[in-house]
1. So which residues in region 206-233 are under 17 Å from residue 61 (Cβ atoms) and in contact with a helix residue (DSSP H, G or I) (Cβ under 9 Å, 6 or more places away or on another chain), if there are any at all?
2. Within region 135-174, how many residues are surrounded by 13 or more Cβ atoms within 10 Å (Cβ to Cβ), under 18 Å from the mean Cα position of the chain (by Cα) and part of a helix (DSSP H, G or I)?
3. Which one is modelled with the lowest pLDDT, of the residues in region 15-36 that are over 17 Å from the mean Cα position of the chain (by Cα), surrounded by fewer than 21 Cβ atoms within 10 Å (Cβ to Cβ) and closer than 24 Å to residue 201 by Cα?
4. So is residue 62 closer than 18 Å to residue 139 by Cα, touching a residue at least 40 places away in the same chain (Cβ under 8 Å) and surrounded by fewer than 19 Cβ atoms within 10 Å (Cβ to Cβ) or not?
5. Confirm whether residue 187 is touching a strand residue (DSSP E or B) at 6+ places or on another chain (Cβ under 7 Å) and surrounded by 13 or more Cβ atoms within 10 Å (Cβ to Cβ).
6. Does residue 77 meet the test of being more than 23 Å from residue 205 (Cα to Cα) and at pLDDT below 95?
7. Could you go through region 210-218 and let me know if any residue there is modelled with pLDDT under 95, assigned to a loop (DSSP other than H, G, I, E, B) and surrounded by fewer than 12 Cβ atoms within 10 Å (Cβ to Cβ).
8. So if I check each of 97, 12, which one is within 23 Å of residue 130 (Cα to Cα) and either surrounded by fewer than 13 Cβ atoms within 10 Å (Cβ to Cβ) or modelled with pLDDT under 95 (or both)?
């Protein structure tokens with residue numbers, strides 16, 4: 001087996017931009033007779049590893065869905081627990097040091113006004129501290145929904161059109177008004193836990209994304225599972241409507 005110098009299998013064609021829907025944390029916790037706090041904590045730890053694996057394969061842009069607008073309908077205790085985990089991770093110096101070591105920029109994508117102020121502040125602090133890096137990017141979707149993203153952009157564009165008598169709207173211009181304007185078109189989307197749908201995940205950037213679904217619950221996902229997804233991606237012929 002050929003390797004790429006990091007001990008990973010050499011894959012000739014890897015995605016430049018990869019997105020992850022890490023499903024199955026609560027089911028994993030239930031299966032192991034643990035509470036959902038343990039499931040979400042394990043899921044966050046797994047993503048930190050996942051980001052390192054992507055780096056080994058030369059993937060420079062990762063987008064992870066951490067909390068959707070629909071997730072606000074969950075019980076308050078569950079939301080507070082999850083937000084508390086995210087706040088703790090955002091203040092963990094070891095994790096931030098790893099971002100610096102890997103020269104990785106951290107971005108928050110979503111409606112920040114919906115987040116608790118202390119969490120929004122903690123996440124923004126990491127954004128600011130890593131904002132100069134260009135080699136690698138991690139985009140965290142939090143308080144994000146695909147429909148909400150499109151509606152947000154449309155409202156802003158209508159206001160601008162009325163103010164400046166805008167007549168022509170290109171896809172490039174519309175994109176600048178999205179919460180997710182910084183995220184490039186996504187080459188590959190991975191969703192875990194056996195669910196085979198996008199659930200409103202980044203409709204603008206996922207138009208021609210390749211989709212990969214696995215039955216693995218997110219905390220059980222391994223580097224070998226990522227490798228399988230990348231090999232399948234490399235073997236697909238992307239047509240982009242042609």
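The values are calculated or read from the model by the stated rules, or taken from the named source; none is laboratory data. None of the values given here were measured: they were computed from a predicted structure. A quick note on method: Cβ atoms are made from the backbone with ideal geometry, for glycine too, and the neighbour counts reach across all protein chains shown.
1. Within region 206-233, 206, 210, 212, 226 qualify.
2. 4
3. 36
4. Here the answer is no, as residue 62 does not meet what is asked.
5. On the way: touching a strand residue (DSSP E or B) at 6+ places or on another chain (Cβ under 7 Å): yes; surrounded by 13 or more Cβ atoms within 10 Å (Cβ to Cβ): yes.
Yes; evaluated as a whole, the condition is true for this residue.
6. When the stated conditions are applied, residue 77 passes them.
7. No, region 210-218 has no match at all.
8. Selected residue: 97, the only one of 97, 12 that is within 23 Å of residue 130 (Cα to Cα) and either surrounded by fewer than 13 Cβ atoms within 10 Å (Cβ to Cβ) or modelled with pLDDT under 95 (or both).
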